[in-house]
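Okay, structure first, notes after.
FYI, it's all coordinate maths here, none of it is from the lab. What you are looking at is a predicted structure, and each value in this text was computed from that prediction instead of being measured. Cβ atoms come from the backbone with ideal geometry, glycine included; neighbour counts cover every protein chain shown.
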């Protein structure tokens, strides 16, 4: 039986960790993710879990210890934000290429500099090509649900990849929300035990992390890419099983009032909540607007997105990060690339919004939909836009 | 006192066929350390990126008979600490029966410099592990660049002896002392096994103590690199003897905070005996650089005196 609780996003994720009872959590504090290891170390201190908590001296060592523990066959997790994720960078690639299903809560925060503790997506978007699966969530409920599902996704025999579970700093991590939590036994049964194909502590000795020269390196990267492709199917399978358990439905992305939408928005994380409000209001006014909220950014659901956007005339792609390409931010790039050759005449502008925690209001979002309708009417629009910045 | 005949019968846990250079001291050190493992005990070994790693574990081969992991350059200590933490959790939860020991190896670059933070963290946390530094006094894998373990005056590719600057101008960092300051159960400094010396079994004995002392332990082993030292492979161990006899590299240990000098040369030799046979110090013997040798001697003397005090020898 599920129970209704009021928790912050960080609490919800830490509770998920408690219910999963991993072998090792190795973490280093950084705002706004600090509470996750803080709550977890309390669970350890109270004997509520049987895990080892390794209070490392940096995020680099956090990910290094996670790699060692996961290579030892353990179920391993950590949490970080912003510069902490940046300090892990080198090890992110090594975790992924070593095919170690570490689960990492990324509490999204702007990347320095200038230093800023508030939310945007520059941290995890910077790590988008590190070979990690990236799952994003709108609120505490989704952060909790995604964290539990991440175990099964990453450890699936066809995947064996690390997973980032991303949610917005402060907005989701610190705000207290009502959510439904599974029973401990339900989570335990859902995640099961990790079965590592190879382990440093297994029956036979193994060597991990060898020097891999031109005769083999390329094949290993190819296998890694295949695992990421496989993840798409596995994400859906795990979601279906999770729905049976909880009644909560998840996919590669969420479609909100997209049935007959003419103007749509593609967005990630908590601002989707604000945007849904706007969609409701504009729908009440008879305007055909809809929204797509990306859940799986890696792997990127390109074909599925093309199908979902088939009938829209204009779609605004919202990035809470600037990619500094001079062309388009990361999500905008992905969506346009997916639509290439499949969307003759479709209007696809990008909007960069909310950097460094700048508030995004319903008026801001409504102005984007209004831009789209104007573009549909006149055929004129800017491709690269900033929302809510003083120029 | 270990029996050499019996020890020689113990199978090597780092096999031959690896690709370290002829005369490299690192595999000798590794094998003597691993010899100290009880045969029935399993081990997980780990190496920082460096000569040892790239020469002993090239896909699809490995020279390590025990489980081995390499992840990056600066984090061997953190990586093995994660393995150890997982073992502790699994042992506690009844998921594993065997006894495992955890041993990480790193050169001086991966230990004194880029890996110092990770090492310090792992030592302070007190994982039941041994970290072995094979200190050959430079980044040899990338082509003999200076490290903070490089002795003063050495000619390396990033502290070259030029017309104006005569090699490395700084004295070497004392990492053994830094780790001793972590107040872990066991820290020791030693050299490879050299037949005929009184300290032939010092590395073996210290490895055994380090492995079978609960908690974090650290071994710092002066290890010859004929390429970097520009010395003859056939006489490189004489150089190690010179390092000990000149008191450039004292053999001592710190057990639960208590210092012990394990070998005191009958006669302290002048530092030139260590410097002279090595090509990397050749320029120091030019007349205009004589003052540098005097400075190096003074620094060795100062550190030796300080150590004698710590060891209760004075």
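The table that follows gives values for the structure above.
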| item | result |
| --- | --- |
| Percent of Cα pairs exceeding the 18 Å cut-off, where the set is the stretch B:52-173 | 59 |
| Computed helical MRE - 222 nm, chain A, DSSP H runs ≥ 4 contributing -39500 (n - 2.57), nearest 500 | -13000 deg cm²/dmol |
| With Cα atoms, 0 to 90° folded angle of helix A:140-155 axis to chain A main axis | 50 |
| Estimated translational D of the protein assembly as shown in µm²/s (Stokes, Kirkwood radius over Cα pairs; 10 °C; 1.306 mPa s) | 57 |
| Against the rule of thumb 2.2 N^0.38 Å, how large the Cα Rg of the stretch B:9-73 comes out | 1.06 |
| Cα pair distances exceeding 18 angstrom across the stretch A:238-302, given as percent | 43 |
| Paired Rg and Dmax values of the stretch A:247-345, which use every Cα atom, in angstrom | 13.3, 43 |
| 10 °C / 1.306 mPa s Stokes-Einstein diffusion coefficient of chain A, Kirkwood radius on C-alpha pairs, µm²/s | 75 |
| Viscosity 0.890 mPa s, temperature 25 °C, Stokes-Einstein D of chain B from Kirkwood C-alpha radius, µm²/s | 124 |
| Computed label-point distance, nm, for sites residue A:358 and residue A:386 using a 7 Å Cα→Cβ extension | 0.6 |
| Modelled FRET efficiency - R0 60 Å, residue A:245 with residue B:8, Cβ distances, 0.05 increments | 0.50 |
| DSSP beta bridge pairing in the stretch A:3-246, given as percent antiparallel to the nearest 5 | 25 |
| With Cα atoms, 0 to 90° folded angle of helix A:82-97 axis to chain A main axis | 70 |
| Residue list for the stretch A:222-265, given a label point 7 angstrom along the Cα-to-Cβ vector of residue A:189 and an amide N cut-off under 19 Å | A:238-249 |
| Residues of the stretch B:101-117 with amide N under 16 Å of the 7 Å Cα→Cβ point at residue B:158 | B:107-117 |
| Rel. contact order, % - alpha carbon contacts under 8 angstrom, at least six apart, the stretch B:218-314 | 26 |
| Alpha carbon centroid spacing (whole Å) that separates the stretch B:188-240 from the stretch A:93-149 | 45 |
| Rough spin-label spacing in nm, given labels placed 7 Å along Cα→Cβ, for residue A:257 and residue A:90 | 5.0 |
| Fewest-first ranking of A:76, A:327, A:279, B:164, using other Cβ atoms within 10 Å as the exposure measure | B:164, A:327, A:279, A:76 |
| Efficiency of FRET between residue B:309 and residue B:232 - r from beta-carbon atoms, R0 30 angstrom, step 0.05 | 0.25 |
| Fraction of the pair-distance distribution of the stretch B:128-185 above 17 Å, Cα-Cα pairs, percent | 46 |
| Cα-based Rg / Dmax (Å) for the stretch B:214-286 | 14.6, 50 |
| Alpha-carbon centroids, the stretch B:31-90 and the stretch A:269-291: separation in whole Å | 55 |
| Order of A:100, A:245 - criterion: other Cβ atoms within 10 Å of each residue's Cβ, fewest first | A:245, A:100 |
| For chain B, calculated [θ]222 nm from helices alone, where every DSSP H run of n ≥ 4 adds -39500 (n - 2.57) | -9500 deg cm²/dmol |
| Whole-Å distance, taken between Cα centres, linking the stretch A:206-264 and the stretch A:292-320 | 15 |
| With Cα atoms, 0 to 90° folded angle of helix A:59-71 axis to chain A main axis | 60 |
